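Novice: Supplied in structure tokens, the structure appears directly below.
Derivation of every value follows stated rules applied to the coordinates shown; laboratory data play no part. Owing to the predicted nature of the structure, the values given are computational and were not obtained by experimental measurement. Methodologically, a virtual Cβ is constructed for each residue, glycine included, from the backbone with ideal geometry; neighbour enumeration extends over all protein chains shown.
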Amino acid sequence: MAALERFTTATADRLPERDLAPARALIGRAGERLALSQLHTVVALAGATGTGKSSIFNALAGAPLSQTGVRRPTTGEAHACVWGPDNADPLLDWLGVGRRHIRDGGTEPDLSGLVLLDLPDYDSVQVAHRAEADRLLTVVDLIVWVLHPQKYADKLVHAGYLAQFHRHREITVVALNAADLLSGPDLEDCTTDLRRLLAADGLDGLPVLTTSTIGPPGLDPLVKAIRQAVVARQAAVRRLAADLDGVTAALAPVVAADPPKAALDAEASRALTAALSQAAAVPTVAAAVENAYVHRARKMTGWPLLRWIRRTRPDPLERLHLGDHRAAVPAATSLAPASPAATAAVTKALREAADRASAPLPAPWQDAMLAAVRSHRDELPDALDRAVAQTDLGVARKRWWWRAVGLLQWLVTAVALAGLLWLGVRLGMQALALPPLRTPMVDGWLPMPTALLAGGLLAGFLIAVLVRPVVRLAARARRRRATRRLRASVQGVVKQLVETPAAAVLTDYTAARAALREAAGTARR
């Protein structure tokens, strides 16, 4: 029962309640029965109208407690007779049996601890009578099926009852009553045919007792069988074990398959990550990383006198509210919501991931897996946005070579400015009719100020041209690195919001499978 309870705990949120209801009912019933008197054994006489079960009850009780007759209905409610001094009232209250009789003595062998019930007829025309009989048949410790030679082959008793109790052979007794009406050969033929019918019901080898309340062989065989059960005091446990066997057999198909090794295999994880990456606009962010790298690099490596033009342009990442992954609570990005096509791709990928993960599992667990995989679907957009915002895109830090090239650009710009200043001074002195300064010549024909101005401008242009492809190559490398980091962040969302719930289903399945196997093995032992 403890193992069965672990099964219901593991499957509480995974299987339909209708599948778990019999197990829950058995757990509750077992706890209640075992908490009550274990000194008493509840034996029920069950049979159709006219089989003589009430006569057997009265004969064993030594008093006319239950009305007898062949007209239906005769027994409308259960009667109880208790042997021995021990109080059985709490047990009878739990059974819901109000009509009780205490028997302290008698000529039959010691039956102290016996609680004998005469059940209503299971073929009664009164629905309430049949329902009461069916209710008590699910809780009594030992069932004595009283059959009559004229109706022992009735389909109702075999298909409707005996076949349903094929797992309860240890707490089942079959008594062919009114045996005194048959001759020896006829009785032998009748019992042989009854054994054949019982074998067809799944009760092959179950002994058939012959009884009579008015002639031989009497009730001694039945009293002996009842006395053995009462003395052993194991009927209640055997009844629960049989019930447990039936419940575990009914539940076995829902945990029959071997569980897969992982909730999401590599292919499903890649497909889901790819779909979520599109929904999270990873390509857009990666392109912005490349453009931001170019933008920031050219602001530092471009010609200083024209850098102001670059500064007037917006930063591609800042425009998306991205780039500062170190913020304690990153602001939401400015990325547009996923397109309908991307959303549909995510839905399709979630369904395919659930199908791949649950393919080996029985149908109820496939539904549970799909529900688990989709359980955080509404949280995915915000989770992906946070994941993108928290990702280190690798462009926040300025590169050392940017500074080196920027310093070189300032040096050549300073040379050009020095040449320009020199030329300005010369023009100013000429305008003031002052004696001209002595000007050095380069290669004997090019004035030094002109050489400085032209050389500085040309060097700045060449540096900018030569650095441009280097910046573009480095930007593309940053884009690839950012793509890998963004996909890793998206994969973290997949693990947290998809794979973890799916793995929880597999964990519950594995636990439920082990618990049910333990319960079934215990019941069969």
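Novice: Full extension from Arg438 to Asp193: what is 0.36 nm times the residue separation minus their Cα-Cα distance, to one decimal in nm? If you can, show how the numbers build up before the last one.
Specialist: Details: separation 245, 0.36 × 245 = 88.20 nm, distance 14.05 nm.
Net length gain for the segment: 74.2 nm.
Novice: Would you please give the residues with an amide H less than 5 Å from that of His101, counting only those at least 5 places away or on a separate chain, with H modeled from the backbone geometry?
Specialist: Distant-sequence amide H within range of His101: Ala80, Cys81, Val82.
Novice: Out of the DSSP beta bridges found with both residues in the chain, what percent are antiparallel (nearest 5)? Write out the running numbers ahead of the final one.
Specialist: Working: 6 of 29 bridges.
Taking every DSSP beta bridge with both residues in the chain, the antiparallel ones total about 20 percent.
Novice: Could I ask something else about it? On alpha carbon coordinates alone, what is the Rg over Rh value for region 154-211, Rh being the Kirkwood radius? Before the final figure, lay out the partial values.
Specialist: Details: Rg = 11.5 Å, Rh = 11.8 Å.
Taking Rh as the inverse mean 1/r over Cα pairs, Rg/Rh reads 0.97.
Novice: Which of Leu466, Leu4, Leu240 has the fewest other C-beta atoms within 10 Å, and how do the rest follow up to the most? Intermediate values should be presented prior to the final figure.
Specialist: Details: Leu466 11, Leu4 24, Leu240 20.
By the 10 Å Cβ count, ascending, the order reads Leu466, Leu240, Leu4.
Novice: OK, next. Give the cross-link partners of Lys155 among the lysines, using a straight C-alpha distance below 21 Å as the criterion and excluding same-chain residues fewer than 8 apart.
Specialist: List returned: Lys53.
Novice: Something else about it: Highest mean first, what order results for 338-344, 408-414 on Cβ atoms within 10 Å?
Specialist: Working: 338-344: 13.9, 408-414: 16.4.
Sorting 338-344, 408-414 by mean packing, highest first, produces 408-414, 338-344.
Novice: Moving on to the next point. Taking the structure as given and computing log10 I(q)/I(0) by the Debye sum over Cα atoms at q = 0.10, 0.13 Å⁻¹, which label from [x] -0.80, -1.24; [y] -0.90, -1.35; [z] -0.88, -1.16 fits?
Specialist: Of the listed options [x] -0.80, -1.24; [y] -0.90, -1.35; [z] -0.88, -1.16, [z] comes from this structure.
Novice: What ranking of Ser277, Ser375 emerges when the number of other C-beta atoms within 10 Å of each C-beta is taken as an exposure proxy, fewest first? Intermediate results must be reported in sequence, preceding the final value.
Specialist: Working: Ser277 24, Ser375 16.
Listed from fewest to most nearby Cβ atoms, that is Ser375, Ser277.
Novice: Could you size up the charge dipole of region 1-160 around its Cα centre, putting +1 on the beta carbon of Lys and Arg and -1 on that of Asp and Glu, and report it in debye to the nearest 20?
Specialist: 440 debye
Novice: To continue, here is another question. Assuming R0 = 30 Å, can you tell me the calculated FRET efficiency for the pair Asp220 and Gln38, based on Cβ-Cβ distance, to the nearest 0.05?
Specialist: For R0 = 30 Å, the calculated efficiency reads 0.65.
Novice: Note the angle between two axes, namely the Cα long axis of helix 380-390 and the longest principal axis of the Cα atoms of the chain, as a number of degrees from 0 to 90, rounded to the nearest 10.
Specialist: Helix 380-390 sits at roughly 40 degrees to that axis.
Novice: Go from 0 up to the bin containing the longest alpha carbon distance in region 142-279, width 5 Å each, and give me the % of pairs per bin.
Specialist: 2, 9, 14, 15, 14, 10, 6, 4, 3, 3, 4, 4, 3, 3, 2, 2, 1, 0
Novice: With angles folded into 0 to 90 degrees, how steeply does helix 17-35 sit against the dominant principal axis of the chain? Use alpha carbons for both and round to 10.
Specialist: 50 degrees
Novice: Sticking with this structure for a sec: Taking the Cα centre as origin and putting +1 on Lys and Arg beta-carbons and -1 on Asp and Glu beta-carbons, what dipole magnitude results for the chain, to the nearest 20 debye? Each step should come with its number before you reach the end.
Specialist: Details: 63 positive and 49 negative charges, 1135 e Å.
Using Cβ point charges on Lys, Arg, Asp and Glu, the chain gives about 5460 debye.
Novice: Okay, moving on. For Gln430 and Arg403, what does the FRET efficiency come to when R0 = 56 Å and r is the distance between their Cβ atoms, rounded to the nearest 0.05? Intermediate results must be reported in sequence, preceding the final value.
Specialist: Details: r = 41 Å, r/R0 = 0.73.
Efficiency at R0 = 56 Å is approximately 0.85.
Novice: What is the chain's relative contact order, in percent, from Cα pairs under 8 angstrom and six or more apart in sequence? Please list the in-between numbers first.
Specialist: Details: 780 pairs, mean separation 91.7, N = 525.
17 percent.
Novice: Among DSSP bridges having both ends in region 39-232, what percentage is antiparallel? Round to the nearest 5. Each step should come with its number before you reach the end.
Specialist: Details: 4 of 27 bridges.
Expressed as a percentage, antiparallel bridges in region 39-232 total about 15.
Novice: Then there's this: Using only the alpha carbons of region 39-232, what is the convex hull's orientation-averaged projected area in square nanometres?
Specialist: Numbers: hull surface 39.7 nm².
It is 9.9 nm².
Novice: Give me the number: length gained by fully extending Leu156 to Glu77, i.e. 0.36 nm times residue separation minus the C-alpha to C-alpha distance, one decimal in nm. Mind showing how you got there, number by number?
Specialist: Details: separation 79, 0.36 × 79 = 28.44 nm, distance 2.04 nm.
Result: 26.4 nm gained on full extension.
Novice: Rank these for me by crowding, Phe461, Phe7, Phe165, Phe57, going from fewest to most other beta carbons within 10 Å. Mind showing how you got there, number by number?
Specialist: Working: Phe461 12, Phe7 30, Phe165 18, Phe57 26.
With the fewest neighbours first, Phe461, Phe7, Phe165, Phe57 line up as Phe461, Phe165, Phe57, Phe7.
Novice: Another one. Kindly identify region 1-64 as rounded, prolate or oblate by the Cα gyration tensor criterion: order the square roots of the eigenvalues as a ≥ b ≥ c, call it rounded if a/c is under 1.5, otherwise compare a/b with b/c, prolate if a/b is larger, else oblate. Working shown, then result.
Specialist: Values: a/c = 6.20, a/b = 2.32, b/c = 2.67.
Oblate, since a/c reaches 1.5 and b/c is not below a/b.
Novice: Taking θ as phi - 60°, what are the ³J(HN,Hα) couplings along region 159-169 by the Karplus curve (6.51, -1.76, 1.60), each to the nearest whole Hz, with x for Gly and Pro?
Specialist: With the stated coefficients, region 159-169 comes to 6, x, 10, 4, 5, 6, 10, 5, 8, 10, 4 Hz.
Novice: Related question: Which distance in nm do the two modelled labels at Ala503 and Gln390 give, with both placed 7 Å along the Cα-to-Cβ direction?
Specialist: Label at Ala503, label at Gln390, 1.7 nm between them.
Novice: Which lysines does Lys261 reach when only Cα atoms under 25 Å apart count, and residues fewer than 8 places away in its own chain are ignored?
Specialist: Excluding near neighbours in sequence, the set is Lys348, Lys495.
Novice: By a straight-distance test (C-alpha under 29 Å), which lysines pair with Lys299 as possible cross-link partners, with residues fewer than eight away in the same chain excluded?
Specialist: Correct list for Lys299: Lys398.
Novice: Could I ask something else about it? Skipping prolines and chain starts, which residues have an amide H placed within reach, meaning under 5 Å, of the one on Leu114, given they are 5 or more residues away or on another chain?
Specialist: Sorted by chain and number, the residues that satisfy this are Thr41, Trp83.
Novice: Please list, in order along region 365-374, the HN-Hα scalar couplings obtained from phi with the Karplus expression 6.51 cos²θ - 1.76 cosθ + 1.60 (θ = phi - 60°), rounded to whole Hz, x for Gly and Pro.
Specialist: With coefficients 6.51, -1.76 and 1.60, one gets 6, 5, 5, 5, 5, 4, 5, 5, 5, 8 Hz.
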